[in-house]
Amino acid sequence: MDSNEFRRYGHEIVEWIARYFENVEQYPVKSRVKPGEVKNALPDMPPSGSEPFDRFMHDFDEIIIPGITHWQSPNFFAYFPANSSPPSVLAEMLTAALGAQCMLWETSPAAAELEEKMMEWLKVMTGIPPEFEGVIQDSASSATLAALITAREKATGFRSNREGLSDAGKLRIYVSTQTHSSVEKGAGVAGFGRDNLVKVTVGNDFSMDPVALERAIEKDLAGGYIPCCAVATLGTTGTTAVDPLRAIGEICRKHGIWLHVDAALGGTALLLPEMRWMTDGIEYVDSLVFNPHKWMFTNFDCSAYFVRDAASLIRSFEILPEYLKTRTRGEVNDYRDWGIPLGRRFRALKLWAVIRSYGVEQLQSMIREHIRLAKMLAGLISTEKGFELLAPVPLNTVCFRYRPAGMNDEEANHLNEKINHALNDTGKIYLTHTKADGKYVLRMVTAQTNLTETHVLKAWELIREMASALSSQDGAVNID
Ligand SMILES: *Cc1c(COP(=O)(O)O)cnc(C)c1O
């Protein structure tokens, strides 16, 4: 592709993206393709010669787009969001064009220094104390793994990286029953063993019970285990429960346990001063991760990892072959030492574009509106006959179900699963579910970049209609 062609197709693609953003609501939110359909539409052999780029764009429209679920649709209420935004996309194009490997300061000083500055901005924006240092990781899963490994190294006097874990004793990790699966994955990968992940019970609001945590730690100490790390969550994936950081922190401090905070979703709410109650007790925290790539309008991937003792993080990960030695080592941040991969994308650029393009005040008002919409929806649900709220709504996620009078849990589970699939099959909205206390829970997340009150009200109307249509079909008067 020569530079004239690049220019022509580049303009076309920007036009395509602009139209996509304008028309994204017209696609079925959840892709309707069947398994194998996309693969079967693709040729078995790669082209041996050059093809015109038009053909690529044609197949992108015809084969790929039908197989895409539209996360940028304001009618996407599933999982947690993976928000993009126009400034983020534009900056990502520049990152791709530069194609810089940002592993060392020397391999692109601007990338390292912009990353350092953006992490400082995020601390100011979220009230994370200045003594923390930040680094951008690809995902919360990787950041949490880095925290577990650092906790492991600290607990073993930085010997386990070198000697392995055979003499380390039985190191334990404490989470709640609601903690994200990435911690369990990390416990396996980091050599703790998944059986050494202790799942502490939660209260009625699904947040970790600190009394149960302390009991679990004492039981482990009596049994010869070594308490090593605890993970508290601000905004659990199931119901956005917020674990009580201060109470957990005091216990961790008493027993010398590394406290990691998984705020993958909830961290973005810290932009709002009125939500900083979640980080009461941050003085006990060793590390915290949150994902601008979820709720902060910065397209995947961009995960902000903050650590109080960066020296321990670096000591856990640095490894210095001859070909990576530089003259600036020690004077600058070489972020390859701050996580697992060597190669690193220039991710700070899109974060810079997003923060500058919106400004802190507009980011705050968008996030505040998302929380307001969740509370508004929760209010509508709690006063609607037959519907019930199944968890508190501290952030942007509403957990509920439809259970007409007289219906038992098992029947309600069956009915709500049917409602969920039927709603998603309309293509008009997309919701996902969770299980809480054995109940099938519909989960509606009000946090997409372009979401407005109208979208939420329309979705709620559709949910009510679907629930009543399917339950009358299910009822005793049904003759088939
Ligand atoms: C989404 C999520 C994760 C995983 O995030 P990735 O960046 O995809 O690894 C971890 N913890 C919580 C609470 C989450 O919501």
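The values are calculated or read from the model by the stated rules, or taken from the named source; none is laboratory data. Not measured: the values here are computed from a predicted model. Please note: Cβ atoms are built from the backbone with ideal geometry, for glycine as well, and neighbour counts cover all protein chains shown. Areas reflect the complete protein model, heavy atoms only, side chains present, ligands, DNA and RNA absent. Shrake-Rupley method; radii C 1.70, N 1.55, O 1.52, S 1.80 Å.
Inspect the stretch 334-354 for any residue being assigned by TED's automatic domain parsing to the domain that holds residue 274, among the basic types (Lys, Arg), at pLDDT below 95 and part of a helix (DSSP H, G or I) and give the result as yes or no.
yes
Quick check on the stretch 278-302: of everything there that is part of a helix (DSSP H, G or I) and hydroxyl-bearing (Ser, Thr, Tyr), which residue is surrounded by the fewest Cβ atoms within 10 Å (Cβ to Cβ)? Spell out the reasoning first.
Taking the stretch 278-302 and keeping what is part of a helix (DSSP H, G or I), we get 278-279, 282-284, 292-295.
Add one more test, that the residue is hydroxyl-bearing (Ser, Thr, Tyr), and what stays is 279, 284.
Working: 279: 23, 284: 21.
Ranking the candidates gives 284 first.
Which residue, of 77, 60, is crowded, with 19+ Cβ neighbours inside 10 Å and out of contact with any Lys or Arg (no Cβ under 7 Å at 6 or more places or on another chain)?
Details: 60 fails: crowded, with 19+ Cβ neighbours inside 10 Å.
Going through 77, 60 in turn, just one is crowded, with 19+ Cβ neighbours inside 10 Å and out of contact with any Lys or Arg (no Cβ under 7 Å at 6 or more places or on another chain): 77.
Check 262, 243, 337 and return the single one that is within 16 Å of the ligand (Cβ to nearest atom), closer than 19 Å to residue 139 by Cβ and open to solvent by less than 40 Å² (accessible area, probe 1.4 Å). Show your work before the answer.
Details: 243 fails: closer than 19 Å to residue 139 by Cβ; 337 fails: within 16 Å of the ligand (Cβ to nearest atom).
None of the others qualify; the one that does is 262.
Could you go through the stretch 224-242 and let me know if any residue there is outside the structural domain of residue 437 (by TED's automatic domain parsing), assigned to a loop (DSSP other than H, G, I, E, B), touching a residue at least 60 places away in the same chain (Cβ under 8 Å) and in contact with a helix residue (DSSP H, G or I) (Cβ under 6 Å, 6 or more places away or on another chain). Give the steps one after another, and end with the answer.
Restricting attention to the stretch 224-242, the residues satisfying the condition of being outside the structural domain of residue 437 (by TED's automatic domain parsing) are 224-242.
Right, trim to assigned to a loop (DSSP other than H, G, I, E, B) and you get 224-225, 235-241.
Still in the list and also touching a residue at least 60 places away in the same chain (Cβ under 8 Å): 235-241.
Narrowing further to those that are in contact with a helix residue (DSSP H, G or I) (Cβ under 6 Å, 6 or more places away or on another chain): 235.
The answer is yes; a qualifying residue exists.
Tell me yes or no: at least one residue of the stretch 303-322 is surrounded by fewer than 20 Cβ atoms within 10 Å (Cβ to Cβ) and of a type in the set (Phe, Trp, Tyr).
Yes; the residues of the stretch 303-322 include at least one that is surrounded by fewer than 20 Cβ atoms within 10 Å (Cβ to Cβ) and of a type in the set (Phe, Trp, Tyr).
Yes/no per residue for (1) part of a loop (DSSP other than H, G, I, E, B); (2) of a type in the set (Gly, Ala, Ser):
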site	(1), (2)
29	yes, no
44	yes, no
48	yes, yes
69	yes, no
79	yes, no
91	no, yes
106	yes, no
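Within the stretch 283-311, track down each residue that is over 24 Å from residue 177 (Cβ atoms) and away from the ligand (no atom under 14 Å from the Cβ).
Result: 283, 297, 306, 307, 308, 309, 310, 311.
Which residue, of 15, 25, 5, is surrounded by 14 or more Cβ atoms within 10 Å (Cβ to Cβ) and assigned to a helix (DSSP H, G or I)? Don't jump to the end; show me each part of the working.
Details: 15 fails: surrounded by 14 or more Cβ atoms within 10 Å (Cβ to Cβ); 5 fails: surrounded by 14 or more Cβ atoms within 10 Å (Cβ to Cβ).
Sole residue among the options that is surrounded by 14 or more Cβ atoms within 10 Å (Cβ to Cβ) and assigned to a helix (DSSP H, G or I): 25.
Return the residue satisfying two criteria in turn: it lies in the stretch 117-169 and is acidic (Asp, Glu) and more than 16 Å from the ligand (Cβ to nearest atom), and of such residues it is farthest from residue 102 (Cα to Cα). Before the answer, list the steps.
Filtering the stretch 117-169 down to residues acidic (Asp, Glu) leaves 120, 131, 133, 138, 153, 163, 167.
Narrowing the set further to residues that are more than 16 Å from the ligand (Cβ to nearest atom) leaves 120, 131, 133, 153, 163, 167.
Numbers: 120: 18, 131: 24, 133: 18, 153: 26, 163: 30, 167: 36 Å.
Ranking the candidates gives 167 first.
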